[in-house]
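Every read-out reported here was derived from the displayed coordinates using simple, explicitly stated rules and does not represent laboratory data. Values in this document were obtained by computation on a predicted structure and should not be read as measured data. Every residue, glycine as well, gets a Cβ built from its backbone with ideal geometry; the counts of neighbours run over all protein chains shown.
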Amino acid sequence: MDITSLQNTRIKHIVKLREDKRQRKKDGLILVEGFDELTLALSCGFVPQTLLSAPELASQTLTFPFAESSESLTVSRGVFEKISYRDNPDGWLGIFPMPSRELEELPLSETPLVLIAESVEKPGNLGAILRTADAARVDAVLVCDPRVDVWNPNVIRASRGAVFAVPVVEVESLRALNWLRSRKMRVVAASPSGSVAYTSVDMKGPLAIAVGTEDEGLTEFWMSAADACVNIPMNGKVNSLNVSIAAALMIYEAKRQRSL
């Protein structure tokens, strides 16, 4: 057993990485917990700096590619429970270099479909959006003016590791819009105040779908920049859907139209 003390300096540092966005950015490191999430990250070509496992908790065996600087450490159950951010940890956690992605590097298909997530503030919502984006094979997700960082451990967990499979970039809204326009992509904004139903708009060409927060919706910037503002019909008492559900409906409507 390599580490058994809860006071170990490396364990304290991992706890800081888990809790503090500034620490993650300063060190350029992220945490990935869970056998499935680690497996997906590895399959997408990401290589951990350090892999920690708790033999008392780990029921599955994980093999991964080592870089020269990679290391593998075993820790006690108590130590792992201290660094874990899950209720029922499975004994696997990796420390990875923070991925660096730029708009100009995003690979786009011939008829791209991009999702704009503006100012999403809940890790669970952003993670769910990324899972949908992976399932539907969207070209990219642009997280504009974020209130939660993409590499928050809870975003990684909520995405089930899809954050490693989907090209995702944090970017200011104006820069994102200029990038979309330079690639001749239409923007469709989803809002309860949209003038037409989302199923009535042509989504077959190069397209960016924009969604905002549940409380505030999209800002005026995206509403005025959009080529079309659409609504998702609400026939009940509430007037809006969870942003991840709205994004999923919009994405799959675009996929449906493109399959016709």
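The phi torsions of region 29-40, fed into the Karplus equation with coefficients 6.51, -1.76 and 1.60 and a -60° offset, translate into couplings of 10, 9, 10, 10, 10, x, 4, 5, 5, 5, 4, 5 Hz, rounded to whole numbers, with Gly and Pro shown as x.
Packing-wise, with mean Cβ within 10 Å as the measure, how do 149-155, 169-175 rank, highest first? Mind showing how you got there, number by number?
Working: 149-155: 21.1, 169-175: 15.7.
The most tightly packed comes first, giving 149-155, 169-175.
Residues whose amide H falls under 5 Å from that of ALA228, counting only those 5 or more places apart or on a different chain, are VAL187, ALA189, with hydrogens built in the peptide plane.
For the chain, the direction-averaged projected area of the alpha-carbon convex hull comes to 15.4 nm². Computed packing ranks the peptides 208-218, 189-199 as 208-218, 189-199, most packed first, by mean other Cβ atoms within 10 Å. Karplus-derived 3J(HN,Hα) values for region 223-240, using 6.51 cos²θ - 1.76 cosθ + 1.60 with θ = phi - 60°, are 5, 6, 7, 5, 7, 8, 10, 10, 10, 9, x, 10, 9, x, 8, 7, 10, 7 Hz; glycine and proline are entered as x.
Once C-alpha pairs closer than 8 Å and six or more residues apart are averaged by separation and normalised to the residue number of region 9-97, the relative contact order reads 41 percent.
Near the amide H of GLU214, within less than 5 Å, lie the amide hydrogens of VAL243, all on another chain or at least 5 residues away, with H placed in the peptide plane.
Working from the Cα coordinates of region 1-84, the gyration tensor eigenvalues give, after taking √(5λ), semi-axes of 19, 18, 12 Å in decreasing order. Mean residue ellipticity at 222 nm, helices only, the chain: -9500 deg cm²/dmol; runs of at least 4 DSSP H residues each add -39,500 (n - 2.57), and the sum is divided by the number of residues.
Remark: the Cα gyration tensor places region 136-260 in the rounded category, a/c being less than 1.5. Taking Cα centre as origin and charging only the Cβ of basic (Lys, Arg, +1) and acidic (Asp, Glu, -1) residues, the dipole magnitude of the chain rounds to 180 debye. Taken one residue at a time, the phi angles of region 124-139 give Karplus couplings (6.51, -1.76, 1.60, θ = phi - 60°) of x, 5, 5, x, 5, 4, 5, 5, 5, 4, 5, 4, 8, 6, 5, 6 Hz. Gly and Pro are set to x.
Neighbours of PRO206, meaning other residues whose beta-carbon lies under 10 angstrom from its beta-carbon, give a summed charge of +2 when Lys and Arg score +1 and Asp and Glu score -1.
Of all aspartates and glutamates in the structure, those lying under 15 Å Cα to Cα from LYS25, and not within fewer than 8 positions of it along the same chain, are ASP149, GLU170.
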